[in-house]
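Chemist: The following block contains the structure, expressed as structure tokens.
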Amino acid sequence: MHKLDYLKNLTILYAEDDEYAQQALSMVLEDYIGNIITAKNGKEALKLFSSNKIDLLIADILMPKINGIELARIIKEKQTNIDSVPIIFATAFTDTEYLLDSIKLRCDGYVLKPINIDNLLEVIHSAMLPRIQLKEILSKNILLEFLDVFIGGKKIEVIKYILEHCNSQSIFYGSHDEIADSCGTTRTTVAKTIQQLIDLKLLVKVRNKTYHINTNLIKANAESKQLKNNA
């Protein structure tokens, strides 16, 4: 089994119309996953997906109102590759006619019912690993960009804290007080640092205590530097 400690930091949305199956798997997953949100159909799942920070979706294929395939299609149409949330289908042998659709949608895996928890954890790990690796690469690139602007002092600690505590979608949730306490600095220093990052468009304030790391800008800057180096 892989090291799965990072699963405790994940929020998973589980869409399943069978109440017994939903409760049974949710109870088992609670031992591994930090937060589990459940939905009884695709329509409810779509609403919950839009109103919560979701790191991974597990969806039954055959559900009322909106089935799993259509749910995945709607979600993927609204996302970019870099910010995409992995989707895993839970399916019975009788659902094989839908598997071609899941392949076309480039979903991240499927598990057969009845669900084996070890198998599911392996599929979750396989789906999350590329995102984790991408996050690490982006974090290094972003940190280099930040270091071009900020030199030494507690500002670097603030930046590192934000990078280390953002989720798989490059979103950071946290208050100025939380950052200040963790970094051993003042709230004023944190506020000034974050505002400078916003002014540089390296951070985007989504709402109160929520910030998105501008990976598109970082990527563009990295590509620009690469072109200059190759010139």
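The values are calculated or read from the model by the stated rules, or taken from the named source; none is laboratory data. Small disclaimer: the values here were computed from a predicted structure and weren't measured. Reconstructed Cβ throughout: ideal geometry from the backbone, glycine too, with neighbour counts over all protein chains shown.
Residue-by-condition table, conditions (1) under 26 Å from I132 (Cα atoms); (2) of a type in the set (A, V, I, L, M, F, W, C); (3) touching a residue at least 60 places away in the same chain (Cβ under 8 Å):
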residue: L4; (1), (2), (3): yes, yes, yes
residue: L10; (1), (2), (3): yes, yes, yes
residue: L25; (1), (2), (3): yes, yes, yes
residue: L29; (1), (2), (3): yes, yes, yes
residue: G34; (1), (2), (3): yes, no, no
residue: K53; (1), (2), (3): yes, no, yes
residue: I74; (1), (2), (3): yes, yes, no
residue: D108; (1), (2), (3): yes, no, no
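Chemist: Let me ask something additional. Considering only residues that are assigned to a loop (DSSP other than H, G, I, E, B) and hydroxyl-bearing (S, T, Y), which ones fall in region 182-199?
Modeler: T185, T186
Chemist: Pick from K47, K65: which is on the phi > 0 side of the Ramachandran plot, modelled with pLDDT of 85 or more and surrounded by fewer than 21 Cβ atoms within 10 Å (Cβ to Cβ)?
Modeler: Checking each option against the conditions leaves just K65.
Chemist: Continuing with this model, one more query. Where residues in region 155-197 are of a type in the set (A, V, I, L, M) and either in the same structural domain as K53 (by TED's automatic domain parsing) or touching a residue at least 24 places away in the same chain (Cβ under 8 Å) (or both), which of them is nearest to H212 (Cα to Cα)?
Modeler: Selected residue: I171.
Chemist: Being of a type in the set (A, V, I, L, M, F, W, C) and more than 14 Å from L100 (Cα to Cα) is the filter; apply it to region 52-62 and report the residue that is modelled with the lowest pLDDT.
Modeler: Applying the filter and picking the extreme gives L62.
Chemist: Can you name the residue in region 1-40 that is polar (S, T, N, Q) and exposed (fewer than 15 other Cβ atoms within 10 Å of the Cβ) and, of all such residues, is nearest to I75 (Cα to Cα)?
Modeler: This residue is N9.
Chemist: Just for region 163-194: of the residues that are at pLDDT 90 or above and small (G, A, S), which one is nearest to T11 (Cα to Cα)?
Modeler: G174
Chemist: Hey, another quick one. Return yes or no: is L202 modelled with pLDDT under 85 and within 13 Å of I159 (Cβ to Cβ)?
Modeler: Criteria met by L202.
Chemist: Another one. For region 1-51, which residues satisfy the criterion of being of a type in the set (A, V, I, L, M) and in a helix (DSSP H, G or I)?
Modeler: L7, A21, A24, L25, M27, V28, L29, A45, L46, L48
Chemist: Considering each of R106, R73 in turn, give the residue that is basic (K, R) and modelled with pLDDT of 90 or more.
Modeler: Checking each option against the conditions leaves just R73.
Chemist: Still on this structure: Suppose we filter E30, E70 for residues that are of a type outside the set (S, T, Y), out of contact with any Cys (no Cβ under 8 Å at 6 or more places or on another chain) and more than 18 Å from L7 (Cα to Cα); which single one remains?
Modeler: Going through E30, E70 in turn, just one is of a type outside the set (S, T, Y), out of contact with any Cys (no Cβ under 8 Å at 6 or more places or on another chain) and more than 18 Å from L7 (Cα to Cα): E70.
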